[in-house]
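These notes concern the structure reproduced below.
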Amino acid sequence: MSPITYSPAYTLVPTYECFNRCTYCNFRAEPGTDPWMTLEHAASLLAPLRHQGVIEILILSGEVHPRSARRRAWFQRIYDLCELALSLGFLPHTNVGPLSVEEMAQLKLVNVSMGLMLEQLTPALLETVHRHAPSKIPAVRLQQLEWAGELQIPFTTGLLLGIGETETDWVDTLTAIAHIHRRWGHIQEVILQPHSPGQQQAIASQPFDPTKLADVVAIARRLLPAEITLQIPPNLLPTTHDLLACIAAGANDLGGIGPKDEVNPDYPHPHDAQLAATLMQANWHLQPRLPIYPQYDHWLPPALQPIVNDWRDRLARLGQAEFR
């Protein structure tokens, strides 16, 4: 059987507040209306997970404006949550919007990988869904990918599909990712995420046609270097046929699977055991992985290498049984 990977994950949200107002968002809260997660509360959530097979702690946050007086405290809370996750034996992966190069360098010390969705590079969306989203300026997000490469941070990025872009825009965004990766070699994964309307978004919209996702996968597989993993979210695919079509087209990872998809709260993650049974019928083997791929282990700060090595040993020794 050929492997399809996933990350056994749990998401911590320092805050839902965000100064962006993307019309399709089902995540954000108005600045000042959402109390930040305390370290004590985070510890109470994480401690019971230590023996439940969770590997990755995704730190996913709304954005505090770079010039806000609260930015430093927000960043420190993110850093502290990463340290807490490490202290409990987990592997942090942070995705909190655009950061300064200094912030990225600091977070590298407490993260095994990081991420930021490009979504789409066409500036046309700045007149529509991103009209009130300053951090969605394409050049700002591309700069993050460049800095991640310069800093040797294993990185995840991706496309959001069905927000008003064209097929040409898919090609342009994927081509830009491929170009940056060829310069630095740091893109682990590219997520292909179909827009899926939820109850909290500001403006009603149509979902991306899931039957077309396999076509996008095929385009991405053609344009991206072979070593980049293509990730699809199984909770956003309504049928097994759609899922298997994407895998046949070249998708080989199902992303982080945990109790809740914070970005798409109306679409629960399937249980990994359920997914494994579905894939096995089609001769695919669901396999847990770490949020850092093995070829990037040598980029880790020395303090993080033992915990990653320990997880690799556990996966090799115990196999999948422990993680179901």
Kirkwood Rh over Cα pairs of segment 1-82 into Stokes-Einstein at 20 °C, 1.002 mPa s: D in µm²/s? 149 µm²/s
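How high is the FRET efficiency from D209 to D266, r the C-beta distance, R0 25 Å, rounded to 0.05? Don't skip to the answer; put the middle values down first.
On the way: r = 18 Å, r/R0 = 0.71.
Result of the calculation: an efficiency of 0.90.
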How far, in nm, would the chain grow between H65 and T128 when pulled straight, counting 0.36 nm per residue and subtracting the alpha carbon separation? 20.6 nm
Just add up the charged neighbours of S61: K/R +1, D/E -1, any other residue whose Cβ is under 11 Å from the Cβ of S61. -2
For the chain, built as a Gaussian network whose Cα springs stay under 10 Å, the top-fluctuating residue of A276, A220, A69: A69
What residues qualify as long-range amide H neighbours of I4, i.e. H under 5 Å apart, gap of 5 or more or another chain, H built at 1.01 Å from N? H285, L286, Q287
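Between Q200 and E146, what FRET efficiency comes out of the Förster formula 1/(1 + (r/R0)^6) with R0 = 35 Å and r the beta carbon distance, rounded to 0.05?
Numbers: r = 32 Å, r/R0 = 0.93.
About 0.60, to the nearest 0.05.
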Around R289, with a cut-off of 11 angstrom between Cβ atoms, what is the net charge of the other residues, counting Lys and Arg +1 and Asp and Glu -1? -2
Calculated FRET value between R21 and H179, using beta carbons and R₀ = 35 Å, to 0.05: 0.70
Going by a 4.7 Å Cβ-Cβ cut-off, which cysteines of the chain have no partner at all? C18, C82, C246
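Just so you know, all these numbers are worked out from the coordinates, no wet-lab data involved. If you're wondering where the values come from, they're calculated on a predicted model, not measured in any experiment. So basically every Cβ, Gly included, is an ideal-geometry build from the backbone, and we count neighbours across all protein chains shown.
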